[in-house]
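All of the numbers you see were taken from the coordinates with simple rules; none came from a lab. Here the structure is a predicted model, which is why all the values come from computation and not from measurement. Because the Cβ atoms are built from the backbone with ideal geometry, glycine has one as well, and the counts that use them run over all protein chains shown.
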Amino acid sequence: MDEEKQSYQHPEIEKKGQKRKLEEAIEEEEDELEIEEEQGTASLTWERIQVIEYEVTEQVSVLNSTFSWGVFDRAAAKRATSIIADLAKSEETVNVIINCNAIPALVKHLQAPPSPFPSGGDGNYEKPFEHEVEKGCAFALGLLTSKPEHQQLIVDSGALPHLVDLLKRRECGCNSRAVNSIIRRAADTITNLAHENGGIKTSVRIEGGLPPLVELLQYPDTKVQRAAAGALRTLAFKNDENKKQIVECNALPILVLMLRSADAAIHSEAVGVIGNLVHSSPDIKKQVLLAGALQPVIGLLSEFSSLLSSIKSIIGVSYLDDSSCCSESQREAALLIGQFATTDSDCKVHIVQRGALQPLIATLQSTDLQLKEMSAFALGRLAQDTHNQAGIVYNGGFFPLLKLLDSKNGPLQHNAAFALYGLADNEATKDCIAKTLKRLEEKIHGQVLSHLIYLMRVEDKVVQRRVALALAHLCSPNYLREIFIDNNGLELLLGLLGTTSVKHQRDGSLALYSLANKATLLSPIDAAPTSPTTQVYLGIPFVNNATDSDVTFLVEGTRFYAHRSTLLASSDIFRAMFDGGYREKDARAVEIPNIRLEIFELMMRYIYTGSVDVPIDIAEDLLRAADQYLLEGLKRLCENTIAQHISLDNVSSMYELSEAFNALSLRHLCILFILQNFEKWIRRPGSFHLIKRAVPEICGFFSRSLPKRNHFPQE
């Protein structure tokens, strides 16, 4: 939301709401001067701008010359503020009004004129239009806050101290309509000034605006309560110091009482304030729960759920468009329940014990998208508790959540998927799903399998792909070769990787990864390589030992002693070197020009012992040496070490390394990693080119890995 709605993004709602609040307020005043407004939405003409400039300049002049308690001055000032406010209702005229220096003049009249007595005392004198001019100025300034620079200009002109003073006019002991109205206007203007403006929120606190706003929550007039709560709601969001002071002013008890109000406007603002207080503030969240907010918040949601059920029952329908009767309170209550559910596991249990599940599940079938989105969010949090998982399913939450996966609304679909993910974490659910999948796998054979393969061959491309995807996940390993090699199922899956659809790419990669795991039947990284040949090894003591040595290598100028018999048994390269017609056959010292001594020693350790620890920092160099001397066992050890460090950042270079040194095992592991992480990897530069290059290798991998069968067993 936007600044006033925690984490959901609906910025237009709050801004329009505040402006509408001001417009409704002025319409309620019977003595306001009405001025005919220009109709239509076309841009202002030059002539119209000149007329507005003239009018505003005239009224600014009046304001600048009427700052006194004289009856004619007060009447003129009141009329001037009304005219400017009416003009400010059109956003097209706001810049014109501000350019005419209206803000300083309006700010000046936010305070009462000086006393007519020289001593400054109150004396016994008449105060015509008391509170009325200040009220009109606050209203007009509130309409001029549509842009951040306008907000700042008003604050820089000194408006905040005066607005805070207006909040305190209740202290005069008068509960007149005029006093109520001016306090409400001041609170609304503070709300508009602080909207999405962190600096001004802080300035309001510094000017002492929070304590009087908290006190106004208990004001007798409900409209003043609403305005004060609306201001606190704005000032609390993403401002930790403001949140702290609001709580320190003992706002929580009265906010909890407001949650129980029968006035929808009151509890809507109260739940909004509480929502912004607890957002990203675990300590305040605990204090809110201790203040007793949980039950009334659940009550707000239950109220709507019961009302909706009653309406459906009365009119005899199962479907009803309830978006118009769904208030902001229910949306905020659902979201707040989700936020409460992050505190600890006990709180999740308490939420369910106090009756939140049924109304949350009921609202999943509302026609209001935001309400469904927030209810799914709350259920997702609650589903992280094992007992709640069973409760959600028992109360009928599974199918509504499943249905929401078809929603075109991204956040709603995501929240529903998150809730279902939590439900799937339940051990009983996991066991049920596993058994269901196993049963499906057991059913796919004989005539059923033959029919599916027939569909995969002759139907249109969409059906063919769907069948191939399903069989990759559900079919027994016994039939994989017939399906994916002999009947071109593999070609269909690879075709999905080459599309531009992210969904098709994801589906294809996951299917291929599932297929590969079935083909290998082992976790590829954990599969430790074994020695390729059975032979007797001399052991570590003979490595670089001059005793009985009959050949010496010169590596980086250092002598390294070895034994021909061991070398001959280790690889074809050494056999060719010492048994063939090469000059090394009779040489006592053989120079090794392109391998570092450290690498050569590890290679010899492997030749003499059949195993060696491969440090990751030299694994590539050792792989290069193993490939050069055709030491297949050492190559697999190196590939295994490198594979354990494959990441999104290096998988492309690792694949190229496997190609350069014919490291087949590493190449397969790179392919598996790419398939498993395809959605993230494909976004990287050069990835699409690499996957096209790897397609023949993927085909070769499956062709070699999938077991051969001559026929399908019959049912």
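Assuming 0.36 nm per residue, please report the length gained on full extension of the stretch residue 403 to residue 146 beyond their Cα-Cα distance. List each step's numbers first, then the result.
Details: separation 257, 0.36 × 257 = 92.52 nm, distance 4.05 nm.
The residue 403-residue 146 span can extend by a further 88.5 nm.
Near residue 473: Cβ cut-off under 15 Å, other residues only, Lys/Arg at +1 and Asp/Glu at -1. The net charge is +4.
Could you check what % of the DSSP bridge pairs in the range 540-684 are antiparallel, to the nearest 5? Walk me through the numbers on the way to the answer.
Values: 5 of 9 bridges.
Among the beta bridges of the range 540-684, antiparallel pairing accounts for roughly 55 percent.
Modelled label positions at residue 660 and residue 683, each set 7 Å beyond Cα in the direction of Cβ, lie 2.9 nm from each other.
For the pair residue 125 and residue 647 in one chain, pulling the backbone fully straight at 0.36 nm per residue adds 179.7 nm over the alpha carbon distance.
Shape of the range 540-684 from its Cα gyration tensor (a ≥ b ≥ c, root eigenvalues): rounded if a/c is under 1.5, otherwise prolate when a/b > b/c, or oblate?
Working: a/c = 2.78, a/b = 2.47, b/c = 1.12.
The shape class here is prolate.
What the Cα convex hull of the range 435-520 gives, in volume per residue, is 89 Å³.
Charge tally around residue 108: other residues with Cβ under 13 Å, Lys/Arg +1 each, Asp/Glu -1 each, net -2.
Across the range 275-288, coupling constants 3J(HN,Hα) worked out from phi with the 6.51/-1.76/1.60 Karplus curve, θ = phi - 60°, read x, 6, 5, 7, 4, 6, 9, x, 5, 5, 4, 5, 5, 5 Hz, and Gly and Pro carry x. Protection proxy ranking, highest mean first, for peptides 410-416, 488-494: 488-494, 410-416, where packing is the per-residue count of other beta-carbon atoms within 10 Å, averaged.
Give me the net charge for the shell around residue 697: Cβ to Cβ below 14 angstrom, other residues only, Lys and Arg +1, Asp and Glu -1. Please list the in-between numbers first.
Values: positive: 667, 692, 693, 704; negative: 656, 659.
Once all neighbours under 14 Å are counted, the net charge is +2.
Are there any trypsin sites (Lys or Arg not before Pro) in the range 407-439 that are in a DSSP loop and have at most 11 other Cβ atoms within 10 Å? List them by number.
408
Using 0.36 nm per residue, how much length does the chain from residue 491 to residue 438 gain when fully extended, once their Cα-Cα distance is taken away?
Values: separation 53, 0.36 × 53 = 19.08 nm, distance 2.56 nm.
Result: 16.5 nm gained on full extension.
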